[in-house]
Amino acid sequence: MRRGFMLVTALLLCTIVLLLGMGFLGSRAGQYHSTVQAGLAARARSVARAGLEDARAKLQRDLHFPPHPSQAQTSYSYTEDFYDLSTPPQYVGTYDVQVDSSKDVPNIRVLVITSRGQVRASGQGPAAPPLACHSYRACIDVTPSSYDQVRYFPLLRFDDLGAL
């Protein structure tokens, strides 16, 4: 009789320990998932920032960027794929850049550059759905000045639009 009681007690104790262990492992899976999401969000912010810097570099190096729009068209947009510098280069994501010249005021030429970075699963390419995205917007003064030998465009405003 006593042996049966000890066996039932041991089985009950093992069941309680098993349930506690399963609960602990379940909570760890959620923590791992949130850690992966935080890493993807950081990569999306970096890709969006790269898009802004790409537009600024094109402004400094190319006198015809953005292409001169007509009166009816005040914005120009482009998309580029983003790769890391490993060997061989791995696809990271895509940034979409929109350059808007509709905010010009008399005597000041302002461009509003919006960059949206999207990160996709590694090895999937541009056709895969984005895992994370982030957007930034910057207002840049591109007013020509006679004393500027180097084309430097001051940043008037910088907005973090978040994960749109």
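The values are calculated or read from the model by the stated rules, or taken from the named source; none is laboratory data. This is a predicted model, so every value here is computed, not measured. Because the Cβ atoms are built from the backbone with ideal geometry, glycine has one as well, and the counts that use them run over all protein chains shown.
Within segment 24-61, if we keep just the residues that are surrounded by 12 or more Cβ atoms within 10 Å (Cβ to Cβ), polar (S, T, N, Q) and closer than 28 Å to residue 121 by Cα, the residue that is farthest from the chain's Cα centre (by Cα) turns out to be 37. Could you check, for segment 62-78, whether at least one of its residues is of a type in the set (D, E, K, R) and within 30 Å of residue 126 (Cβ to Cβ)? The answer is yes, given that some residue of segment 62-78 is of a type in the set (D, E, K, R) and within 30 Å of residue 126 (Cβ to Cβ).
Of all residues in segment 79-103 being among the polar types (S, T, N, Q) and at pLDDT 90 or above, which is farthest from residue 125 (Cα to Cα)? Within segment 79-103, the match that is farthest from residue 125 (Cα to Cα) is 98.
Within the bounds of segment 5-25, is there any residue that is out of contact with any Pro (no Cβ under 9 Å at 6 or more places or on another chain), assigned to a helix (DSSP H, G or I), under 30 Å from residue 163 (Cβ atoms) and small (Gly, Ala, Ser)? Before the answer, list the steps.
Of all residues in segment 5-25, those out of contact with any Pro (no Cβ under 9 Å at 6 or more places or on another chain) come to 5-25.
This time we only want the ones that are assigned to a helix (DSSP H, G or I), so: 5-25.
Filter once more, keeping what is under 30 Å from residue 163 (Cβ atoms): 25.
Of the ones still in play, those that are also small (Gly, Ala, Ser) are none.
Looking for residues that are out of contact with any Pro (no Cβ under 9 Å at 6 or more places or on another chain), assigned to a helix (DSSP H, G or I), under 30 Å from residue 163 (Cβ atoms) and small (Gly, Ala, Ser), one finds none in segment 5-25, hence no.
When you scan segment 114-122, do you find a residue that is part of a loop (DSSP other than H, G, I, E, B), surrounded by 11 or more Cβ atoms within 10 Å (Cβ to Cβ) and touching a Leu at 6+ places or on another chain (Cβ under 7 Å), even just one? Yes - at least one qualifying residue is present in segment 114-122.
Taking the criterion of being outside any strand (DSSP E or B) and under 28 Å from residue 128 (Cα atoms), the residues of segment 65-113 that qualify are 84, 85, 86, 87, 88, 89, 90. When 93, 125, 162 are checked against the criterion of being surrounded by 12 or more Cβ atoms within 10 Å (Cβ to Cβ) and either without any contact (Cβ under 8 Å) to a residue 40 or more places away in the chain or of a type outside the set (A, V, I, L, M, F, W, C) (or both), a single residue qualifies: 93. Within segment 93-140, the residues that satisfy the criterion of being in contact with a Pro (Cβ under 6 Å, 6 or more places away or on another chain) and within 21 Å of residue 35 (Cβ to Cβ) are 118, 120.
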